[in-house]
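What follows draws every value from the coordinates through simple rules; no lab data is involved. Fair warning: this is a prediction, and the values are worked out from it, not measured in the lab. With ideal geometry, Cβ positions are generated from the backbone for all residues, glycine too; neighbour counts draw on all protein chains shown.
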Amino acid sequence: MFSLQILEKPNFLISQKILDDISRCISDTINKKQSWVVNLVFLDPHSIQNLNKDYRWKDSVTDVLSFHYHDDYSELSEEDLAWEIVFCEEKIISQWVEYGLWTEKEFYKLVIHSVIHLLWYDHESDEQYKEMQALEDKVWRKVFGG
């Protein structure tokens, strides 16, 4: 099971227990080695826009970016940093208003989505989208019910 490590807390509440539940549920749901550290980082809109421009060639503020640091995870230990997920707190809050989830649930939704991406799932085709969405929904139901 991977470890989700918050480097700097945002202005909304995050439950380490829920993050641990997400980690456990993803590890139980997706049969791939997952014993390493994932850093969760929060940036201001300008900084995440610069990362989005540099790494995705999109000059806009985004809610989340995911970075994996290895192509092969087989040799990593539980203490090794494998991924970082970078969030924009302001964007998460604006999406909370738009989508009607409270801020924390919007954040957890993005964590689940990002980790599944980092386990080499994508949504470039309709088939991939359905598979990834099914995994996200399964993890969400295990953690939050319903």
Original post:
Using 1/(1 + (r/R0)^6) with R0 = 22 angstrom and r between the beta carbons of Asn31 and Asp54, what's the FRET efficiency to the nearest 0.05?
Top reply: 0.05
Subject >> Helical mean residue ellipticity (222 nm; -39500 (n - 2.57) per DSSP H run of 4+; nearest 500) of the chain >> reply: -16000 deg cm²/dmol
**OP:** At most 14 other Cβ atoms within 10 Å and a DSSP loop assignment: could you name the trypsin sites (Lys or Arg not before Pro) in the range 39-80 that fit?
**Re:** Lys58
**OP:** With a 10 Å radius around each residue's Cβ, average the other Cβ atoms per peptide and rank 14-21, 106-113, highest first.
**Re:** 106-113, 14-21
Original post:
Across bins of 10 angstrom width beginning at 0, how are the C-alpha pair distances of the chain distributed, in whole percent?
Top reply: 11, 41, 40, 9, 0
Original post:
Given the Cα-Cα distance of Ser74 and Lys9 and 0.36 nm per residue of separation, how much length would full extension add, in nm?
Top reply: 20.4 nm
